[in-house]
Amino acid sequence: MMNDTTFNWSEIGRIVGPCIRPGGPVLTERALEICSLPAGSLVADIGCGSGGTLQHLERSGLYSLVGLDQSEMLLSEAATRLETARLIQGHAEKTPFRNDTFDALFCECVLSILDDTSAALDEFARVLKDGGYLVLSDVFSKGSQGTDGLLSREELLDSLSGRGFTLLLWEAHDRLLREFAVRMIFAGECLPDSWGCGQGRKGEKTDRSGISYFLLVARKPAATFQ
Ligand SMILES: C[S@@+](CC[C@H](N)C(=O)[O-])C[C@H]1O[C@@H](n2cnc3c(N)ncnc32)[C@H](O)[C@@H]1O
């Protein structure tokens with residue numbers, strides 16, 4: 001089995017560009033429409049890869065940015081394209097950030113490849129400020145139960161509501177996942193095992209009919225004072 005420490009995201013980035021995921025910055029922009037963050041907001045990108053989203057956000061000139069990724073190689077690629085964002089090597093499941101730090105947290109196409117999704121979601125709830133926005137995009141299982149390590153929509157939404165988040169947006173983007181998979185196949189690459197690539201290597205046909213791609217925006221409740 002190919003886990004994420006052996007998966008070559010850098011190579012995928014050479015095919016699809018600095019945003020190493022279906023949809024690219026289009027979904028990041030869609031999420032920003034929902035968040036309506038004020039200028040000066042502190043935004044984290046967890047699993048920032050080679051910095052595609054951070055670069056997109058940096059160009060707006062509106063936000064203070066922090067990126068965290070486990071891969072030294074991807075962080076050094078990110079450093080070449082970023083000017084102001086602070087980059088940190090670390091793990092989504094145990095971040096070095098203080099409680100209530102960020103106004104928004106992006107985690108795009110990372111949750112599905114983590115060994116411990118639950119620990120990462122706990123971290124996101126912890127480091128977001130009250131009223132902060134959580135933006136997730138990833139593959140999910142279309143069945144009511146998750147399969148092969150992929151969560152279903154119900155399981156994911158339950159995990160978020162159990163941590164006090166309110167859902168603001170859920171969109172399925174099957175077409176973007178299909179287009180991404182096709183680009184990989186034409187380039188002779190495969191996707192991670194958890195994305196339905198367990199049998200397929202280098203262009204072999206695999207069944208992804210039960211898998212789709214979501215964009216989600218959720219909000220941590222604002223503090224209530226009595
Ligand atoms: C599909 S890429 C997405 C990268 C980036 N979010 C983007 O959309 O371009 C997955 C990223 O997750 C990172 N990653 C995997 N496991 C991680 C973990 N436990 N903690 C932090 N980053 C992790 C990988 O190094 C890789 O950069």
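On the given criteria, is residue 154 free of Cβ contacts under 8 Å to residues at least 40 places away in the same chain, among the acidic types (Asp, Glu) and either buried (at least 18 other Cβ atoms within 10 Å of the Cβ) or within 18 Å of residue 212 (Cα to Cα) (or both)? Spelling it out, residue 154 is indeed free of Cβ contacts under 8 Å to residues at least 40 places away in the same chain, among the acidic types (Asp, Glu) and either buried (at least 18 other Cβ atoms within 10 Å of the Cβ) or within 18 Å of residue 212 (Cα to Cα) (or both). Say whether the condition of being open to solvent by less than 20 Å² (accessible area, probe 1.4 Å) and not in a loop (DSSP other than H, G, I, E, B) is met by at least one residue in region 86-93. Checked region 86-93: no residue is open to solvent by less than 20 Å² (accessible area, probe 1.4 Å) and not in a loop (DSSP other than H, G, I, E, B).
The requirement of being at pLDDT below 95 and under 15 Å from residue 216 (Cβ atoms) is satisfied by residue 112.
Checking every residue in region 96-103 against the condition of being more than 23 Å from residue 149 (Cβ to Cβ), outside any helix (DSSP H, G or I), away from the ligand (no atom under 13 Å from the Cβ) and in contact with a Gly (Cβ under 7 Å, 6 or more places away or on another chain) gives at least one match. Answer yes or no as to whether residue 211 is among the β-branched types (Val, Ile, Thr), open to solvent by less than 60 Å² (accessible area, probe 1.4 Å) and either on the phi < 0 side of the Ramachandran plot or modelled with pLDDT under 95 (or both). When the stated conditions are applied, residue 211 passes them.
In region 27-44, the count of residues that are within 8 Å of the ligand (Cβ to nearest atom) and in contact with a Gly (Cβ under 9 Å, 6 or more places away or on another chain) is zero.
Could you tell me which numbered condition residue 143 fails, if it satisfies all but one of (1) more than 18 Å from the chain's Cα centre (by Cα); (2) farther than 30 Å from residue 179 by Cβ; (3) not in a strand (DSSP E or B)? Just one mismatch for residue 143, condition (2). Of everything in region 106-124 that is open to solvent by 20 Å² or more (accessible area, probe 1.4 Å) and away from the ligand (no atom under 11 Å from the Cβ), the residue that is farthest from residue 33 (Cα to Cα) is 118. The residues listed here are 20, 15; of these, the one that is within 8 Å of the ligand (Cβ to nearest atom) and over 25 Å from residue 167 (Cβ atoms) is 20. Residue count for region 127-145 satisfying the condition of being over 18 Å from residue 65 (Cα atoms) and either within 13 Å of the ligand (Cβ to nearest atom) or of a type in the set (Lys, Arg) (or both): 4.
The values are calculated or read from the model by the stated rules, or taken from the named source; none is laboratory data. Note that the structure is predicted; figures quoted are calculated from it, not measured. Methodologically, a virtual Cβ is constructed for each residue, glycine included, from the backbone with ideal geometry; neighbour enumeration extends over all protein chains shown. Surface accessibility is based on the protein's heavy atoms, side chains included, excluding ligands, DNA and RNA. Shrake-Rupley method; radii C 1.70, N 1.55, O 1.52, S 1.80 Å.
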